[in-house]
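Here is the structure we will look at.
Since every read-out is calculated from the coordinates, none of them should be taken as a lab result. Owing to the predicted nature of the structure, the values given are computational and were not obtained by experimental measurement. Heads up, the Cβs are rebuilt from the backbone with ideal geometry, glycines too, and the neighbour counts pull from every protein chain shown.
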Ligand SMILES: [Zn+2]
């Protein structure tokens with residue numbers, strides 16, 4: 001069975017704790033090799049419910065034997081955090097409370113079976129999207145211009161949040177051995193609709209449309225963060241924070257003063273599609289430009305801090321970041337433009353070893369987003385897009401993604417995701433990857 005693994009380039013797929021408990025770690029890894037040819041798995045340190053249920057049958061895993069549906073807990077860790085690493089922060093992360101996962105340490109359980117097969121392990125976690133910790137520590141959540149706290153996220157400029165992130169990184173590199181660590185949901189959380197920021201649909205015309213896409217400029221002005229820690233960090237970096245605050249408030253309030261019936265009629269005619277309003281705003285309003293740059297500098301400084309910890313304490317561990325689309329929306333409806341969220345492909349590429357590119361669902365969007373991201377990255381780090389094998393993908397779509405990414409020069413394939421995808425889609429990925437492997441000289 002092991003000789004079926006792709007060996008000429010990295011091929012990975014997620015291994016969630018509940019995946020491993022279905023038939024056991026050995027059966028899981030043998031399945032990953034048999035059905036995908038994967039040589040790497042990545043496993044989360046913590047997760048949150050909406051992401052698990054977003055794919056696409058709502059957390060159903062079609063080819064599992066026992067655990068056929070699983071809704072992850074919000075923001076609880078799958079290992080037992082050691083309090084030793086969290087002295088310099090009020091944030092004390094907690095272990096999963098699900099009886100199904102009790103006593104099970106996915107990373108520990110994976111280590112020997114992976115090395116026995118010659119496979120690699122990556123770990124990753126959503127840094128600032130953590131509804132559990134946000135509700136436990138509301139003072140650490142981002143604040144928008146109206147004073148609203150985004151209680152599904154954590155502000156990256158809050159010293160307690162930074163202490164928590166450092167603690168997690170140091171805790172896992174001290175406790176386990178793995179090849180790389182991934183930073184997921186790498187941005188300043190904003191409310192994209194719905195009680196947990198997961199977005200919601202309305203049915204304008206042939207919907208679904210994003211509620212906030214009624215005017216994307218308002219989406220931008222609605223986004224955090226204006227907490228005291230962002231204020232002092234911005235001033236320290238030389239930003240005119242008073243001007244930023246004042247101008248964002250004036251412009252955001254302007255939206256509330258408009259006649260909603262007229263805005264709504266225009267939105268139905270597509271008047272707010274595209275990003276023209278945002279281009280005007282950034283050109284004409286230096287405070288808005290400064291504000292967006294401050295957010296990007298914030299996220300880049302987070303990546304740089306983590307990279308410097310790794311350089312000192314675990315130099316062999318690579319760092320990667322998953323970024324949201326450079327333009328337009330992610331296919332997951334709770335994500336929009338990466339730059340609004342504070343992530344810059346151009347800036348982050350100078351710090352990390354690899355970037356996961358976000359995009360829409362169609363092949364055309366994947367191509368277009370990846371070309372933009374590639375130009376911004378400028379060869380300074382690795383990059384890749386996921387091969388989406390989850391429904392509603394079909395085998396042909398899976399094959400075309402592999403072929404397109406190869407044409408674009410991608411050499412590191414992530415097949416998403418093993419237990420959520422139908423087997424025929426996984427086989428399509430495996431066969432396309434094997435054809436690729438055979439054409440490499
Ligand atoms: Zn803040």
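Computed quantities for the displayed model
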| read-out | value |
| --- | --- |
| Gaussian network model of the chain, springs between alpha carbon atoms under 10 Å - residue of 262, 67, 309 with greatest fluctuation | 262 |
| Region 90-192 shape via C-alpha gyration tensor axes, a/c threshold 1.5 | prolate |
| √(5λ) per eigenvalue of the Cα gyration tensor, the chain, largest first, Å | 35, 26, 21 |
| Value of [θ]222 nm, deg cm²/dmol, for the chain, DSSP H segments ≥ 4, -39500 (n - 2.57) each, nearest 500 | -13000 deg cm²/dmol |
| Normalised per residue, the volume of the convex hull around the Cα set of region 1-107 (Å³) | 130 Å³ |
| Length gained when the stretch residue 259-residue 246 is fully extended (0.36 nm per residue, less Cα-Cα span) | 2.4 nm |
| Choice from 316, 287, 15 with maximal GNM fluctuation in the chain (Cα, 10 Å cutoff) | 316 |
| Relative contact order of region 355-425, pairs being alpha-carbon contacts under 8 Å that are 6 or more residues apart, as % | 35 percent |
| 10 Å binning of all Cα-Cα separations within region 79-127, expressed as whole percents from 0 upward | 19, 40, 33, 7, 0 |
| With Cα atoms, 0 to 90° folded angle of helix 363-377 axis to the chain main axis | 80 degrees |
| Gain on full stretching of the segment that runs from residue 423 to residue 438 - 0.36 nm per residue minus C-alpha separation | 3.2 nm |
| Region 323-441: C-alpha gyration tensor shape, a/c 1.5 cut-off, then a/b vs b/c | oblate |
| Highest-fluctuation residue, 222, 253, 157 considered, GNM on the chain with Cα pairs under 10 Å | 253 |
| Rg/Rg_globular for region 237-307, with Rg_globular taken as 2.2 N^0.38 Å and Rg from C-alpha atoms | 1.43 |
| Spatial separation of Cα centroids for region 340-368 and region 24-57, in angstrom | 22 Å |
| Degrees, to the nearest 10: 159-175 long Cα axis against longest axis of the chain | 10 degrees |
| At R0 = 25 Å, FRET efficiency that the Cβ-Cβ distance of residue 97 and residue 305 yields, to 0.05 | 0.25 |
| Relative contact order [Cα under 8 Å, 6+ residues apart], the chain, whole percent | 16 percent |
